Amino acid sequence: ISDQKPLGCWSVKHGQILTCPVVCNFETHEYIAVHDDKVLRIWKNEDLNLDKAFKATLSAEVYRIHSLPQGGALVLFRGGGVRPLDVLLEAPQQEIESPISAEAIRWSGAFMEGQEPVLIFTTEKDKDFFVYVQKPKLNSLHKYKLEQEKSARPLCFTAHITNQTVTLLCLYSNNSVYQVLIPLQQDTEEEEEEKEEEILSKSLLLNLSVSGATLKGTSLVVLDKDHVAVLGSLPDPGKKPKECLTIWNTKFQTLQTSKELPLGTSGQLWCYEEKFFLIHGKVLTVIMYKCETSSLAAAVGKLKDSQSLDVSSFVNWNTLEDEELVVSFQSQESVALKAESRMSLRSDRSTGQSGTLSVGQLLLRLKDASNYVLETELKKLMAKAPTPDLQATIGCVVTALTDRCKRNPKFYPQNLLQEIVETRDLSYSLCPDLMAVALEQKDLQLLQICLERFPDIPEEITYACLKAFLSTSEDHLKGIDINLDSAICYVDVECNDMEVKTEIVENGFSEEMDQDMCDTKIPKESQSDGESCPVGLQKAALLNAVLHSAYTETFLLPHLKNLPAQQAVLFLRYLYYLYVKCSEKVNTTLPGIRSPTINQIMDWMCLLLDAQFTVMVMLPEAKDLLSNLHKFVRAQVRFYSELNKIEGSLRELQRLNHLRESQTYSIEVLEII
């Protein structure tokens, strides 16, 4: 999300409509979608065409699909029927019961109580609201009626289960949050019949009042048993209402913190795995949080400061505009995260109560320290025992170093930075300035390590690394300690002006055989493009790191169009060399550690040709290269076409081998027609 990299995209046919949110099945790692109310689709990440994915037409309309980490997927139908997905797939056209009559489902949620999944949904009929609690494994369904509130109606619901009790929270139109407790118990049929008429009483949990103004909530989520988050708007006389995100302590009924969202929201707030998701303006904002047991002191302290929305002793909200927010509810000393993209929230202690310096305080103290003192103290910090916030701490350390590098160009702790990247499980988003600083310092060794280890590098940075590698001279690279493991096993090395090359031919398959099948012979002088590596060993290893970097074609293609023509030709020559090398081997696999795969080579070759094709056609020096590439690919296509012709015979031979007894000896002549 931080780098806006789409990892997959699927679409239905024109005229079809996705009618409920798509979910991921935690057990099978498959996506589940429903389009046109009744058509179920299931596919995996590697599937490209949704139209070819598994399809099942159901007998009733689906309202929602809920996926639970240990409980599988549950399908809730508009009529109130519930089926586990695996049971539904056994007979997609099975009849689905409709326990609700003339009622419309307004909200649903799935939870795990021990090893048992529990599905809760609310319905509305003639301004009356009903709550259903269903245990699919036990085929148990309980219905309740929600107590009415004068001149107010529920806007949204959320729930959690604790100690066999469902806590249902309701945000009402009178800007209040009510709580409803529903015990989970095994009732007899008589008791269940009685409960159908039972009215659930509710209790007032929160009045959404902020500095004398009333918060008009639109969405409510539960953070833990003591905290909830409400997204809503505050009236501003004579102006448009101010939308804001608020966090409340339900135990002490106090406002913990709030922040105005000036770009506006969609009115929806989601919470999943300790992260908020909300639309702010035109972007998706993700806010990480961590709740710990609240204390009366923290709640009272917040109550004193809650008269002003602009000042909060709990959160540093000043980076919301960057769209990268982290909220941390901590009872221990607060950990200061990166100032540009993080915010820290503590709920139990103030900074003055902490007996030792926090990471943020230590980095602040070292801001003006000497280079030697800075490196020494940071090494001590990283040498401490691992803590739950270790990743954030390391991110702070790298940020402190890169900030010093930008302020003082003469300061560049290359060894320390390389040690951190090699020994810590970092990502680009944790230290976004690191690779930019390495590019400025021309630290190709560190860039290689980052490309091999970071999973979320933006395409702009990947392109910058590629351009830097291609533009660096071979003589300069020989003086740099580059990791050669990905290239040393197959790149031809020149020694004493004589090329030493080990030709590996498996099962009689070689480049020469490919060319013999081609109508047009390749001139001997032009074959050098595919025989010797066009770049040195060090540059090959660096380019391999680029080939391994993840990318999205849509975002990388515009950058590749700006690659200088000579560099583009050189890169294509190297990709062609790798392609020929892979084709020499029957398994199309290059030797070595982290060597490029045939798919990576082909993808980059196609991407480069798409970006630079017009330039390649116009360049005289690229003419022979494109011709050789075309002939080689054509030979490959013909070779595999010949293999396809005898595929049936080869399968029959394989079948005969399975039928033959291993103890007997025989000589057979098989005629391939």
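For this structure, a couple of remarks:
- Of all residues in the stretch 116-146, those that are surrounded by 15 or more Cβ atoms within 10 Å (Cβ to Cβ) and outside any strand (DSSP E or B) total 1.
- Any hit, the stretch 255-262, residues being in contact with a Cys (Cβ under 8 Å, 6 or more places away or on another chain), touching a residue at least 60 places away in the same chain (Cβ under 8 Å), of a type in the set (D, E, K, R) and open to solvent by 20 Å² or more (accessible area, probe 1.4 Å): yes
- Some residue of the stretch 147-166 being more than 30 Å from residue 57 (Cβ to Cβ), out of contact with any Gly (no Cβ under 9 Å at 6 or more places or on another chain), assigned to a strand (DSSP E or B) and among the polar types (S, T, N, Q): yes
- Those residues of the stretch 263-297 which are under 24 Å from residue 211 (Cβ atoms), at pLDDT below 80 and open to solvent by 60 Å² or more (accessible area, probe 1.4 Å), in sequence order: 296, 297
- Test result for residue 259, modelled with pLDDT of 85 or more, basic (Lys, Arg) and farther than 22 Å from residue 107 by Cβ: no
- Restricting 633, 615 to those that are open to solvent by 30 Å² or more (accessible area, probe 1.4 Å), under 22 Å from residue 490 (Cβ atoms) and not in a loop (DSSP other than H, G, I, E, B) reduces the list to 633.
- Condition met for residue 113 (within 30 Å of residue 176 (Cβ to Cβ), of a type outside the set (Ser, Thr, Tyr), without any contact (Cβ under 8 Å) to a residue 40 or more places away in the chain and surrounded by 15 or more Cβ atoms within 10 Å (Cβ to Cβ)): no
- For the stretch 210-221, the tally of residues that are farther than 19 Å from residue 149 by Cα, outside any loop (DSSP other than H, G, I, E, B) and open to solvent by 20 Å² or more (accessible area, probe 1.4 Å) stands at 1.
Residue-by-condition table, conditions (1) more than 21 Å from residue 628 (Cα to Cα); (2) of a type in the set (Ser, Thr, Tyr); (3) part of a loop (DSSP other than H, G, I, E, B); (4) out of contact with any Leu (no Cβ under 9 Å at 6 or more places or on another chain):
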site: 538; (1), (2), (3), (4): yes, no, no, no
site: 541; (1), (2), (3), (4): yes, no, no, no
site: 554; (1), (2), (3), (4): yes, yes, no, yes
site: 568; (1), (2), (3), (4): no, no, no, no
site: 574; (1), (2), (3), (4): no, yes, no, no
site: 579; (1), (2), (3), (4): no, yes, no, no
site: 594; (1), (2), (3), (4): yes, no, yes, yes
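- When the stretch 230-251 is filtered for residues that are farther than 14 Å from residue 209 by Cα and touching a residue at least 40 places away in the same chain (Cβ under 8 Å), only 251 remains.
- Cβ pairs under 8 Å, 6+ apart, first in the stretch 424-436 and aromatic (Phe, Trp, Tyr), second at pLDDT 85 or above and not in a loop (DSSP other than H, G, I, E, B): 428/434; 428/435; 428/450; 428/461
- Complete set of residues in the stretch 222-254 that are buried (at least 20 other Cβ atoms within 10 Å of the Cβ) and hydrophobic (A, V, I, L, M, F, W, C): 223, 228, 229, 230, 231, 245, 247, 248
The values are calculated or read from the model by the stated rules, or taken from the named source; none is laboratory data. Just so you know, these numbers come straight off a predicted model, no measurement behind them. Counting neighbours? That spans all protein chains shown, and the Cβs are built from the backbone with ideal geometry, glycine included. Heavy atoms of the whole protein, side chains included, go into the accessibility calculation; ligands, DNA and RNA do not. Shrake-Rupley method; radii C 1.70, N 1.55, O 1.52, S 1.80 Å.
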